[in-house]
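Q: Below are the structure tokens for one structure; questions will follow.
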Protein chains: 2
Amino acid sequence: MNIKMNTTMHRGASALLGLSRPARFISATTPRHLVARASRYRCLATTDIPQRASTDHNLSLQPQDNGVELSGSFFPRPLKLSYDWLRDSCQCAECVHPSTKQKLFRTGDFVRPVPSDASLAQGALHVQWADGHPSVFSLDFIRRYADPTGQARASSHFEDVMARRPWDLSRLPSERFVDFASIKNDPLPAYLQLLRYGILIVRGVPHESTQRGPEGPAGVSEMAGLLGLVRETFYGKLWDVISARASTNIAYTNLNLDLHMDLQYMQHPPHIQLLHCIKNRVEGGTSVFVDAIKAANDLWEQDRASFEVLAQTPIPFHYENDGHHLHHSHPTIQLVHSHLEPANPSVPPRIAHINYSPPFQAPLPPDISPLVYTALRKYADLLARPEGRFEYTLAEGDCAVFDNRRVLHARTAFWDKNAREGKAEETNRWLKGCYVEVDDLLDRTRVLLAKRGSTAGL
Amino acid sequence: MNIKMNTTMHRGASALLGLSRPARFISATTPRHLVARASRYRCLATTDIPQRASTDHNLSLQPQDNGVELSGSFFPRPLKLSYDWLRDSCQCAECVHPSTKQKLFRTGDFVRPVPSDASLAQGALHVQWADGHPSVFSLDFIRRYADPTGQARASSHFEDVMARRPWDLSRLPSERFVDFASIKNDPLPAYLQLLRYGILIVRGVPHESTQRGPEGPAGVSEMAGLLGLVRETFYGKLWDVISARASTNIAYTNLNLDLHMDLQYMQHPPHIQLLHCIKNRVEGGTSVFVDAIKAANDLWEQDRASFEVLAQTPIPFHYENDGHHLHHSHPTIQLVHSHLEPANPSVPPRIAHINYSPPFQAPLPPDISPLVYTALRKYADLLARPEGRFEYTLAEGDCAVFDNRRVLHARTAFWDKNAREGKAEETNRWLKGCYVEVDDLLDRTRVLLAKRGSTAGL
């Protein structure tokens with residue numbers, strides 16, 4: 001970031017906040033009304049600004065209490081813009097640094113700003129402030145940021161294209177399988193699959209030269225690098241899930257590993273998980289993936305009270321073993337907004353994360369709501385539905401990539417038919433794994449979408 | 001983790017959930033009542049369990065609706081334990097794996113469990129379930145986990161010892177300065193200082209052989225390794241803040257960098273930040289640190305409505321520049337619990353993080369509460385109080401370590417007196433930085449505290 005790389009490029013905020021500085025103009029077309037018509041702390045009366053109209057896009061500007069209303073064919077609906085918002089959103093070179101794009105003052109530095117004039121000209125909204133500062137807002141800026149529904153802003157961040165799509169087997173597209181070579185060539189389809197559905201099986205990830213240990217070398221590192229940045233944990237940058245052939249206690253491998261998420265005992269569990277199959281010489285051992293957001297949405301449809309108790313009750317997780325002592329509590333259903341009232345009462349509230357990992361659950365608080373026990377039972381039943389289970393047995397070279405904050409993973413029992421013939425202690429199943437943060441994946445996806453120019457067909 | 005390192009050690013959950021399996025006992029002293037006295041779905045009537053008493057610690061057991069009440073000198077208050085909680089908390093080897101400590105069933109697998117007997121014996125609570133399963137709870141387990149205040153559990157995780165302590169200059173202890181050699185010898189005091197106050201100045205961190213670039217080598221890597229694991233971001237594992245002597249535009253360096261936090265446009269901003277001074281040949285450039293939680297607590301005392309609006313209103317941050325496109329919204333004051341009602345109305349609600357970074361703020365939503373503008377002004381005023389500013393000019397070898405989710409940082413203007421004499425473009429100020437996650441720091445601190453045996457004097 002520029003703030004770190006070269007401070008000589010920066011203009012500090014404090015030096016630019018003085019109201020006594022001469023006003024600086026964006027361009028020669030900016031109207032200039034340096035003489036304030038209103039005292040600093042008097043709000044402009046509604047009648048002080050004459051109604052202006054522009055022929056562009058049938059734009060019209062109506063004065064309102066503490067702001068203006070802007071309408072025209074360019075906007076889906078009339079926009080009410082307060083003077084507070086307009087002053088705070090000024091994009092001039094004194095207010096937003098032209099190269100770093102950093103905001104050069106703080107919200108609250110201009111409380112109750114006093115305008116002296118507001119007008120439409122050259123396809124832009126011009127506001128002249130009583131302290132001499134001029135602001136100019138392009139229609140593109142207003143359309144992106146001033147719509148109270150937030151839709152245009154969200155689209156400009158590609159939130160609609162990248163939005164999570166709850167799935168069961170009938171809705172999981174064939175794009176969940178992708179070749180490593182095709183990701184290297186064009187990663188965007190895989191990025192979108194991962195962001196939308198939280199599950200991706202990459203075939204043909206180089207595995208032959210993978211070595212044991214936290215540093216590799218390992219093909220999964222190359223795969224991780226295509227997605228984002230590795231998040232190291234106390235298990236290492238890379239870790240191994242290894243099963244050894246041991247005919248004397250073969251019974252021990254005949255087991256399930258139930259649906260769970262990794263590292264829920266951390267404040268911030270890793271977001272994306274990769275499991276790369278290096279060796280598979282066993283029967284069984286099928287991987288299972290379930291969309292925990294789909295199950296939560298269905299719980300909301302079927303049993304609102306259970307949904308709410310799972311959204312409001314912190315569940316403790318812990319790991320006190322093996323020289324470590326971690327613990328953290330998370331609600332099972334972590335909402336984007338802290339309140340439960342959805343904007344649209346027919347749609348479930350937006351879910352940020354699911355936090356579900358029975359094996360790492362600590363004893364519950366003794367006074368926890370009795371509804372938690374039944375709500376977790378109902379949720380487990382929804383997670384167990386056959387139509388929600390994507391089952392796939394990883395072949396050597398396959399890499400499962402999934403969203404550890406949303407998609408649960410499990411593994412069925414496996415056994416080694418050749419246990420009595422092979423050499424005891426020989427490795428018969430080996431997965432190499434790592435975690436990746438999501439912010440870089442989101443960043444890369446947005447940049448690729450912006451380069452593409454159009455999201456048609458995606 | 002064992003789950004990853006050797007699956008042959010695991011017993012899966014599903015195989016162990018069958019109620020028809022023969023019961024397995026913890027020890028020979030466990031009372032055995034295999035014949036159920038109650039049908040599976042009938043709750044035990046209050047009178048079904050005779051009152052038991054034990055001479056140990058004056059323990060006594062009282063049957064209650066759907067549970068028992070346990071009292072005695074061992075506990076600060078009588079404990080109400082529901083059968084739901086008791087069955088879910090069973091610690092026997094069938095329910096919690098003896099070596100991995102993983103829970104082997106799911107909460108909700110035993111809804112409305114039916115007891116057939118409950119008793120005190122050998123200093124433990126014994127519950128016999130109607131399905132044949134026996135549970136034994138040691139008094140230590142009950143004292144740690146069954147207190148509804150949660151105090152004993154919190155103490156067992158050292159939460160009281162590590163708790164954040166809001167500070168202004170009068171309360172910031174001299175332990176904020178520590179020598180690198182002393183951290184290497186005994187890191188615990190530095191860990192506690194960092195967790196409690198969020199600020200630490202480490203002196204004498206090797207800087208002579210530090211190289212530019214994201215891979216180093218760099219002394220700050222060694223310092224980071226003493227605290228936890230480096231969190232890589234798109235700025236690299238390590239990054240450089242470099243100012244070059246350039247007499248032709250010396251004016252550009254005469255600037256403030258106002259109070260901010262790094263990377264607020266990420267879903268998960270990095271937690272701990274390190275800034276290691278490699279070179280300092282300028283005047284000024286003092287670092288400033290402010291406890292944003294102290295200011296938030298003071299806002300709560302002075303203006304409850306402003307506190308609440310800052311806790312409930314997401315503020316958008318963005319970074320759309322330089323080939324990147326990141327954005328995320330966070331409330332300025334992020335509470336531990338989503339609701340605002342504190343358990344104790346005379347104490348501010350617990351704060352998880354502060355999210356405050358005016359330079360990276362995106363345009364606000366146009367319909368944002370008008371109170372946000374005044375609330376952010378009040379908060380900025382509290383942050384600006386001289387008594388809250390810890391100012392320190394980093395010398396070469398000093399490393400500032402601070403909690404980027406709580407402590408704001410800033411830098412005053414600096415200038416180069418020798419600009420006209422020295423070689424233009426020569427580096428006159430160079431900081432090397434990196435980020436570290438907090439979960440490992442918490443883990444290491446708890447392990448050291450447990451080894452110490454006593455927290456007296458800490």
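Q: Would you mind working out the accessible area per residue for segment B:161-307, using a 1.4 Å probe, and quoting it in Å²?
A: On a per-residue basis, segment B:161-307 sits at 36 Å².
Q: When the chain is fully extended, how far beyond the present Cα-Cα distance does residue B:336 get from residue B:163, taking 0.36 nm per residue of separation?
A: 60.9 nm
Q: Considering amide H positions built from the backbone, and no H for Pro or chain starts, which residues 5 or more places from residue A:67, or on another chain, come under 5 Å of its amide H?
A: A:83
Q: How much of residue B:222 can a 1.4 Å solvent probe reach, expressed as accessible area in Å² and rounded to 10?
A: 80 Å²
Q: Still on this model: Taking amide H atoms as placed 1.01 Å from N in the peptide plane, list the residues 5 or more away in sequence, or in a different chain, whose amide H sits under 5 Å from that of residue B:335.
A: B:352
Q: Also: Run the label-point distances for residue A:284 please: 7 Å along Cα to Cβ, every other copy, nanometres, shortest first.
A: Distances to the matching label points in the other copies: 7.1 nm.
Q: Further question on the same structure: Residue by residue, what Karplus-based ³J(HN,Hα) values in Hz, rounded to whole numbers, does segment B:393-410 have, using 6.51, -1.76 and 1.60 with θ = phi - 60° and x for Gly and Pro?
A: 9, 5, 8, 4, x, 6, 10, 7, 10, 8, 7, 6, 9, 9, 9, 7, 10, 8
Q: How far apart, in nm, are the 7 Å Cα→Cβ label points at residue B:391 and residue B:149?
A: The two pseudo-label positions are separated by 4.4 nm.
Q: Testing the spin-label approximation: label points 7 Å from Cα along Cα→Cβ at residue A:344 and residue B:301. State their distance in nm.
A: Each label point is offset 7 Å from its Cα along the Cβ direction, giving 4.6 nm.
Q: Would you be so kind as to list the residues of segment A:94-143 that have their accessible area lowered by at least 30 Å² in the full protein complex compared with their chain by itself (1.4 Å probe)?
A: A:101, A:102, A:103, A:106, A:107, A:108, A:111
Q: Through the Karplus equation 6.51 cos²θ - 1.76 cosθ + 1.60, θ set to phi - 60°, convert the phi angles of segment B:217-234 into ³J(HN,Hα) values in whole Hz; use x for Gly and Pro.
A: For segment B:217-234, the Karplus curve yields x, 7, x, 5, 5, 5, 4, 4, x, 6, 9, x, 10, 5, 9, 6, 10, 5 Hz.
Q: What shape does segment B:143-296 take by its C-alpha gyration tensor, where a ≥ b ≥ c are the square roots of the eigenvalues and a/c under 1.5 counts as rounded, a/b above b/c as prolate, and the rest as oblate?
A: Since a/c reaches 1.5 and a/b is larger than b/c, the shape of segment B:143-296 is classed as prolate.
Q: Moving on. So which aspartates and glutamates pass the test for residue B:80, namely a Cα distance under 20 Å, with those fewer than 8 places away in the same chain ruled out?
A: Result set, ordered by chain and number: A:367, B:48, B:56, B:65, B:69, B:88, B:117, B:140, B:147.
Q: Turning to a different aspect of this structure: At 1.4 Å probe size, with the rest of the protein present, what percent of the exposed accessible area of segment A:60-157 is carbon and sulfur atoms? Mind showing how you got there, number by number?
A: Working: 1510 of 3140 Å².
Carbon and sulfur atoms account for 48 percent of the accessible area of segment A:60-157.
Q: Something else about it: Ratio of Rg to Rh for segment A:60-157, alpha carbon only, Kirkwood?
A: My calculation of the ratio gives 0.94.
Q: Let me ask something else. So the label point sits 7 Å from Cα along the Cα-to-Cβ vector; using that for residue B:347, what distances do you get to the other copies, in nanometres, sorted shortest first?
A: Label point to label point, same position, other copies: 4.0 nm.
Q: Need the per-residue list for segment A:147-181: every residue with at least 30 Å² less accessible surface in the complex of protein chains than in the chain by itself, probe 1.4 Å, sorted by number.
A: A:148, A:153, A:157
Q: Report ³J(HN,Hα) in whole Hz for each residue of segment B:88-103, in order, from the Karplus equation J = 6.51 cos²θ - 1.76 cosθ + 1.60 where θ = phi - 60°; Gly and Pro get x.
A: 5, 9, 3, 10, 5, 5, 7, 9, 9, 5, x, 9, 7, 6, 7, 6
Q: Non-local amide H neighbours of residue B:317 (under 5 Å, H modeled in plane, Pro and chain starts lacking H): which ones?
A: Those qualifying (amide H under 5 Å, at least 5 residues apart or on another chain) are B:328, B:329, B:330, B:362.
Q: Any idea of the total accessible area buried by the B-A contact, 1.4 Å probe, rounded to 100 Å²? Provide the component values of the computation, followed by the final result.
A: Details: alone 23020 and 22980 Å², together 36700 Å².
So the total buried area for this chain pair works out to about 9300 Å².
Q: Within straight cross-link reach of residue A:103, meaning Cα distance under 17 Å, which lysines are found once same-chain residues fewer than 8 apart are removed?
A: Excluding near neighbours in sequence, the set is A:4.
Q: Considering only the label points, 7 Å along Cα→Cβ from Cα, what distances in nm to one decimal separate residue A:182 from the same position in each other copy, shortest first?
A: Spelled out, the distances from residue A:182's label point are 6.1 nm.
Q: With the cut-off at 27 Å, tell me which of the pairs B:237/B:294; B:237/B:417; B:184/B:451; A:237/B:101 have Cα atoms farther apart than that.
A: Too far apart for the 27 Å limit: B:237/B:294; B:237/B:417.
Q: For segment A:60-157, with every protein chain kept in place, what is the accessible area per residue (1.4 Å probe, Å²)?
A: Spelled out: the 1.4 Å probe surface of segment A:60-157, per residue, equals 32 Å².
Q: Post the alpha-carbon centroid distance, segment A:155-217 to segment A:272-337, in whole angstrom.
A: Cα centroid to Cα centroid, the span is 20 Å.
The values are calculated or read from the model by the stated rules, or taken from the named source; none is laboratory data. The model shown is predicted, which means the values in this text are computed figures rather than measured ones. As a convention, Cβ positions derive from the backbone with ideal geometry for all residues, glycine included, and neighbour counts pool all protein chains shown. Surface areas here come from the heavy atoms of the whole protein model, side chains and all, with no ligands, DNA or RNA. Shrake-Rupley method; radii C 1.70, N 1.55, O 1.52, S 1.80 Å.
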